[in-house]
Amino acid sequence: MSNSIDDPNGRFFVVVNAEGQHSLWPESVQVPDGWTVSHSAADCASCIHFINTNWTDMRPLSLVAHMARTASSEKESVR
């Protein structure tokens, strides 16, 4: 069985989960629960370009929020 990601003629979605993490997903496979399509079906190169352009911070959104809260509380304790 071949991997659908390796298909040079394959069409893919870019999907994103609640943590803001992106993934290349084959059009022929149902998108799993917890992921939403953020880029409609296109060739692999277009989807990879979309991911590289739009997912610039690899940290999960929960970590970003935690770090922001921590930085904010540290500023408050200095005052």
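Quick note: the coordinates plus some simple rules give every number you see, no bench work behind them. Worth saying up front: this structure is predicted, and the values here are computed from it rather than measured. Every residue, glycine as well, gets a Cβ built from its backbone with ideal geometry; the counts of neighbours run over all protein chains shown.
Loop-resident GluC sites (Glu not before Pro) (DSSP state other than H, G, I, E or B) in the chain with no more than 15 further Cβ atoms inside 10 Å of their Cβ: 19, 27. Taken one residue at a time, the phi angles of segment 18-34 give Karplus couplings (6.51, -1.76, 1.60, θ = phi - 60°) of 5, 8, x, 7, 9, 8, 7, 9, x, 4, 7, 10, 4, 5, x, 4, x Hz. Gly and Pro are set to x.
Hey, of (1) 11.1; (2) 6.6; (3) 6.3, which did the structure itself give for mean projected area of the Cα convex hull in nm² when calculated? Read-out from the structure maps to (2). Per-residue ellipticity at 222 nm computed for the chain from its helices equals -12000 deg cm²/dmol, with DSSP H segments shorter than 4 residues left out and the rest contributing -39,500 (n - 2.57).
Projecting the Cα atoms of 41, 23, 60 onto the charge dipole of the chain (Cβ charges, centred on the Cα centre) puts 60 farthest toward the positive pole.
Taking Cα atoms only, the orientation of helix 44-54 departs from the longest principal axis of the chain by about 10 degrees.
As a rough footprinting exposure proxy, the listed residues 6, 43 were ranked by other beta carbons within 10 Å of their own, and the order from fewest upward is 6, 43.
The residues 61, 24, when put in order of fewest to most other Cβ atoms within 10 Å, stand as 61, 24.
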